[in-house]
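Beneath this line is the structure, given in structure tokens, with notes to follow.
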Amino acid sequence: MQRITPNVVDRVRMPRREFSPFAQIMRRIGMALGLVFFVALVVRLGRDGYTDVTGDPIGFLDALYYASVTVTTTGYGDISAVSDSSRLATTVLITPARVMFLILVVSTTVEVLTDQSRQLLLTRRWRKSVKDHYIICGFGSTGQAVANDLFSRGVTPEQIAVVDVEEASIELATRLGIVGVVGDASQTAVLQQIGIDTAKAVVVVPNRDDTAVLVTLTARELNPDVHIVAGGRERENLHLLRQGGANEVIDATASLGQMLGLGTYAPSAARVLDDILDAGTGLELAVMSPTGESNAVPNGVTLISVTRDGRRLRPDEVDLDALRGSDRLVVLREAASQNGDANG
């Protein structure tokens, strides 16, 4: 089971600068120019071992000229090594510098073009194939917890996509195999890049309620059928999320407070509830359909409620011998039991 556990494995993170393709090219051009000046210095210091077709002494400009035509393998031959020491210097110092120069120039071009082409190809392939995926808008601690829960329920990283304004959050997501987009999820272009039109569900968990409302409105406008779950921090803003098109609205602050209160006066109940919320272990809540021709409650589960025609009914409000095939049953079951439809 894959879980997000940052800083648990390989705790040491060495500082590393990320260079843009342009910066990489300029850095290597600088290294190449350094090699040219190195060769020019070698020739200048050993100028007595070189001859110029003009017969004039070898000056620094002549040495620089010789270095440039030598490392680029042009080699006009107008300046030549004639002494043993200069020939040795050419063999031991200048020739390796020439090879390194060519490696720098060629490898830089190939590396940048190859990396850009590979990323472009992967992006195009993903956009063509992505469908029924889960979009998480905001990949802070709450968004990471959402991803953990989806992993626990059998969702693979390939079925998840993340949007966040922070580069670090997207870097964490990509290390887990999740496609990420750096940007504001309230913008139409950003959600379109992440495949909002073919998404199965959108989870909206930014750090601000006003942002959550904008993201919800934009997602609903772009995909009227997608299932949207939004988290709010202030109770007074929850109705705005519902009006914006969220199918489910979670009061994050109140939920945490209720858990803390329950842990205070009923710690055993709080542990059971925490066990239920920790998907994949112990007990779990699931949504299932009635089974068999008689539309019975599945075996081995405890019925919590029945959703019928958009209404939530208690078990004592429903004739369990007359369940409908369209009913959705919220049940409590052992996490090891993965039968039935848990994605309702």
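Numbers at a glance
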item: Residues satisfying the stated conditions in the stretch 148-169, i.e. assigned to a strand (DSSP E or B), farther than 10 Å from Tyr134 by Cα and among the hydrophobic types (A, V, I, L, M, F, W, C); result: Val163
item: So Ser129, is it at negative phi and exposed (fewer than 13 other Cβ atoms within 10 Å of the Cβ); result: yes
item: Given (1) modelled with pLDDT under 90; (2) within 19 Å of Glu248 (Cβ to Cβ); (3) more than 17 Å from the chain's Cα centre (by Cα), number of the condition Asn207 does not satisfy; result: (2)
item: Residue check for Leu329: at pLDDT 85 or above and more than 23 Å from Leu273 (Cβ to Cβ); result: no
item: Scope the stretch 160-171; condition crowded, with 20+ Cβ neighbours inside 10 Å and of a type outside the set (Gly, Ala, Ser); matching residues; result: Ile160, Val162, Val163, Asp164, Ile170
item: From the options Leu214, Leu241, Leu222, residue that is within 15 Å of Val163 (Cα to Cα) and either within 22 Å of the chain's Cα centre (by Cα) or of a type in the set (A, V, I, L, M, F, W, C) (or both); result: Leu214
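Yes/no matrix, rows are residues, columns are (1) touching a helix residue (DSSP H, G or I) at 6+ places or on another chain (Cβ under 6 Å); (2) part of a strand (DSSP E or B); (3) surrounded by 20 or more Cβ atoms within 10 Å (Cβ to Cβ):
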| position | (1), (2), (3) |
| --- | --- |
| Val215 | no, no, yes |
| Ala246 | yes, no, yes |
| Gly263 | yes, no, no |
| Leu273 | no, no, no |
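The values are calculated or read from the model by the stated rules, or taken from the named source; none is laboratory data. All values reported here derive from a predicted model rather than from experimental measurement. Neighbour counts run over all protein chains shown; Cβ positions are idealised from the backbone, glycine included.
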